[in-house]
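To start, the structure under review is shown below, and the notes come after it.
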Amino acid sequence: MNSSGLTSPNFFTEEGTKTSWMRLFRNRFLTGLCIALSVVTMVPLLSIIILVIRNGWPLISPSLFTQLTPPPGLEEGGFANAIIGTVIMVGLSLVIAAPLGILTSIYINEYAPYSRLSAVVRFVAKLMTGIPSIICGVFAFAAVVMTTHQFSSLAGGVALAILILPTILLTAEQALLGVPQAYRESSFGLGGTAFQTIFRIVLPDALPAIMTGVMLAVARAAGETAPVLFTALFSQNWIHSLMEPTASLSVLIYNFAALPYSYHVKMAWSASLVLVTLVTVINVLAQLLFSKKHR
Amino acid sequence: MSTPESIATSLEAKSSQRLEFTDDFARGEANFIKIEDFKCFYGKKQALYGINLEIPLRKVTSFIGPSGCGKSTLLRNINRMNELIPGTRHEGNISIHGTSIFDPSVEIIALRRRIGMVFQKSNPFPMSIYENVVYSLRIAGQKDRSVLDASVERSLRSAALWDEVKDRLHESALGLSGGQMQRLCIARAVACRPEILLMDEPCSALDPIATAKVEELITELKKDFTIIIVTHNLQQASRVSELTAFFYLGALVEFDNTHKIFTNPAHQQTEDYITGRFG
Amino acid sequence: MHAEPTRPHILTNFTGALDQLRSSVLMMSSLTQQNLKNAIKGLMERDDDWCNNSIADDEEIDVLEMQIDREGIEVMSRFQPVASDLREVISSIKIGANIERVADQGVNIARRARKLNEHAEVAELHLLDEPIRLSLEMFDDAVRSFAERNASLAVELKARDKTLDQMNKDFTDVMVNRMQDDSVNLPTLLNLIFISRCLERIGDHACNIAEDVVFAVNAEDIRHLAK
């Protein structure tokens, strides 16, 4: 380009056209802005992780995973019961929500995709994704705790199930929609029933995506506090049955962080570290294991 | 509801009965598939207007016509696949060998098993080649490994694919080339030994050599199957089929020997279409 | 039945190629008509110049025959014509061959006329007036039926060919009788017999052209039917 700003005419440019400096600048500016904002987004994420690691690491030891939570004042112990409690309640929620969500999504996508019922179910599921997690807890309190006159991990599991059910349902539906219609047509053309088509062809093909959705829902459930707060309450002891108050990592963090005892505060940090690690590991596993998607 | 075992044995019984049917077929040869005043609607829109057509046994019939003329719709109605689309309804009748396909006593599953279908875009399941071919047998309840093996070999041979894949039957079907995939779909469609083969533009996504192989295959297959092929490629229709039906805007305009249609069609519309004067 | 192609092809190349083929045939036929006229003129007016023109111009007609074959093959390979287009291409190629034969007969007449002009004139020459008129008319009508795609005109030609064949037979008989009496003019009378044969051939070829036109227009094959 010569100094007057005009491009020398070549095969691709017409004679005497000016380059648009404004256009170039706008392009560069916006690109730079996007990059900068992406970096900025990483900051809170990374700072949380760094903070949690820095504060939680000192107390990490095998005893954390084998000993019970210490009463206020004591400076030893772990939170094995909290870990087990979280695992149990998330497991319960999975047992309730996963079959329900997956089978419902099969119905609304495969059996009756255009019916009123399916439309209503979809609508309600989308509404439910926005339900505050505390409302799930309140509902489980009224439905389970008050009827059984008991705080329990069952109630906690139910609360978490309500929380993750819409997510599982909607991701499963997306996974099923992602299966090429051609597979279903071929199966029907060969004389398959709807049941055979779904369980031999559609579901296996959608399974990676469904499992990813399920694992992400699980990761979310593991970290929720409000639903388990007044359904499972807390406990300092090992778990003997599902129908008793149960400890969980999230409630532990909630309780211990507010105590005036520095040891317990440090335990809260360690529990945070364990929880974040757990959630991260589940997420990464979900990506790794089920990233083999459609061609 | 029949048990899987009885389905399997009835399939076996049917294949031995085929020899007995020959005499019946000889009597009903000319109108093996009889389409009587058939109309088809998508909601309020009428797609087919009173089609009357008799398709003979063990010959290749081609359906030609411009886009949207209803030829694929008619094809998909023969094995009642069109019913998968919501909002469709039909009037009139289609009968195969004297039995109406809409008769309440006819099980759709059984009907579709007796009619094989090959689609435009080859769509093997994301499974091994072996599993693809035996799928229709498995869903019919066949578990005997030797029967499955035999049918895999027979089907792949009749699809002219055996030699190319016999050493990798358990590899994924999605690793095949386009032409091989389409022949695999043909093998899959014939695995259950249907009577009729419906092909909806089977070669439109294939290169000339793969197309020629599939056409050669069709010429071989017509010894055992009644074949209906929908095609946009007029040269293919004239190469491969013995009878041709020309459709326009949902109506059947002309149905005659392919030779007659392509040398001296009776209707001006047919002539305009095949000589490229349409539009 | 008159069958005009109703509209042009969507591919203008296709319509153009078919039109080109048709005009080649028409050009060839009009050149042949001219050459025939020249040959007959040379015969009747005993003028060698006309005969020589006729013989020389035949070259152009031969070139056109090859051109028609080429153009026909090109249309078939490029456009894979079917139905009426296919029949038209095939007929055009065959008609080209027939016109070339007619032109050859014209050349034969011209050559014979040159030989006749070396000898004395004979009165029997004018016995050929009617066969000449009929055969030239048949050829003109055959060409016209091709140009107008007129199959019924073509069908009539078969009947006229019978008349021409009969005329040729009768003329030959008359000439054979004359030859027995008139040995001086024997070569001339012999040449006249040959010329009559040429005219009869022209009629046959005109008939062939008509049969090809009927095939192109009606998809009917009227050759070799019981007379």
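With semi-axes defined as the square roots of five times the eigenvalues of the C-alpha gyration tensor, the equivalent ellipsoid of region A:143-295 measures 40, 19, 10 Å, largest first. Here the residues A:I60, B:I139, ranked from fewest to most Cβ neighbours within 10 Å of their Cβ, fall in the order A:I60, B:I139. Packing here is the average count of other Cβ atoms within 10 Å per residue, and on that basis the peptides A:274-281, C:201-208, highest first, run C:201-208, A:274-281. Placing unit charges on the Cβ atoms of the charged side chains and taking the dipole of the protein assembly as shown about its Cα centre, the candidate lying farthest along the positive direction among B:N132, B:V60, C:L125 is B:N132. With a simple spin-label model that places each label point 7 Å from the Cα along the Cα-to-Cβ direction, the separation between A:L259 and C:S183 comes to 15.5 nm. Against the empirical curve 2.2 N^0.38 Å, the C-alpha radius of gyration of chain A lands at a ratio of 1.37. Counting only other chain Cβ atoms within 10 Å of each residue's Cβ, the peptide B:122-135 averages 3. Checking the Cα-Cα distances for B:K71/B:K223; C:K94/C:K115; B:K45/B:K223; B:K34/B:K222; B:K39/B:K223 against a 27 Å cut-off, the pairs over it are C:K94/C:K115; B:K45/B:K223; B:K39/B:K223.
Stokes-Einstein diffusion for region B:4-275, with the hydrodynamic radius set to the Kirkwood value over Cα pairs and evaluated at 4 °C in a medium of 1.567 mPa s, equals 67 µm²/s. When only alpha carbons of chain C are considered, Rg and Dmax amount to 19.3, 69 Å. Computed about its Cα centre, the charge dipole of the protein assembly as shown is approximately 4700 debye, with only Lys, Arg, Asp and Glu carrying charge at their Cβ. In this simple spin-label model, placing a label point 7 Å from the Cα along the Cα-to-Cβ direction at both A:L103 and C:D62 gives a separation of 9.2 nm. Charged neighbours of C:G72, selected by a Cβ distance under 15 Å, balance to -4 (K, R count +1; D, E count -1). Take each residue of peptide B:266-277, count the partner chain Cβ atoms within 10 Å of its Cβ, and average: the result is 5.
Placing +1 on the Cβ of each Lys and Arg and -1 on the Cβ of each Asp and Glu in chain C, which of C:A219, C:Q166, C:I195 has its Cα farthest towards the positive end of the resulting dipole? Checked the options; the winner is C:A219.
When chain A is treated as a GNM with alpha-carbon contacts under 10 Å, the residue of A:L160, A:L285, A:L24 showing the greatest mean-square fluctuation is A:L24. Here's the picture: charge each Lys and Arg Cβ at +1 and each Asp and Glu Cβ at -1 in region A:65-289, and of A:T86, A:S118, A:L74 the one pushed furthest to the positive end of that dipole is A:S118. Result for chain A in a Gaussian network model with C-alpha springs under 10 Å: among A:P44, A:P204, A:P71, the largest mean-square fluctuation is at A:P44.
Magnitude of the charge dipole for region A:102-206, about its Cα centre and with charges confined to Cβ atoms of Lys, Arg (+1) and Asp, Glu (-1), is about 160 debye. Taking all Cα pairs closer than 8 Å and separated by 6 or more residues, the relative contact order of chain C comes to 27 percent. In plain terms, the chain from B:A266 to B:D103 could stretch by 55.1 nm, reckoned as 0.36 nm per residue minus the Cα-Cα distance. Short-range pairs are left out: with C-alpha atoms under 8 Å and at least six residues apart, the relative contact order of chain A is 23 percent. Enter the Cα centre distance for the pair region A:58-128 and region A:218-284, rounded to the nearest angstrom. About 13 Å separates the Cα centre of region A:58-128 from the one of region A:218-284. Put simply, the C-alpha atoms of the protein assembly as shown give a gyration tensor, and the ellipsoid matching it has half-axes of 89, 35, 21 Å, longest first. The mean count of C-beta atoms from other chains within 10 Å of the C-beta of residues in A:181-187, rounded to a whole number, is 6. Protection proxy ranking, highest mean first, for peptides B:189-200, A:136-147: B:189-200, A:136-147, where packing is the per-residue count of other beta-carbon atoms within 10 Å, averaged. The fewest-to-most ranking of B:V133, A:V284 by surrounding Cβ atoms within 10 Å reads A:V284, B:V133. Take the Cα of C:R46, step 7 Å toward its Cβ, do the same at A:E75, and the gap between the two points is 15.3 nm.
Once the convex hull of all Cα atoms in region A:90-182 is built, its volume per residue stands at 94 Å³.
Taking B:T231, B:T263, B:T211 in turn, the Gaussian network model of chain B (Cα-Cα springs below 10 Å) assigns the largest fluctuation to B:T263. Contact order, relative form, for chain B: 25 percent (alpha carbon pairs under 8 Å, 6 or more residues apart, mean separation divided by residue count).
Taking the number of Cβ atoms within 10 Å of each Cβ as an exposure proxy, the fewest-first ranking of A:Y114, A:Y183, B:Y42 is A:Y114, B:Y42, A:Y183. Taking the Cα centre of chain C as reference, the dipole from Cβ charges on Lys and Arg (+1) and Asp and Glu (-1) amounts to some 440 debye. Between helix C:186-218 and chain C there is an angle of about 20 degrees, using the helix long axis and the longest principal axis of the Cα atoms.
Coordinate-derived values only; no laboratory data. Since the model is a prediction, treat every value here as computed from it, not as a measurement. With ideal geometry, Cβ positions are generated from the backbone for all residues, glycine too; neighbour counts draw on all protein chains shown.
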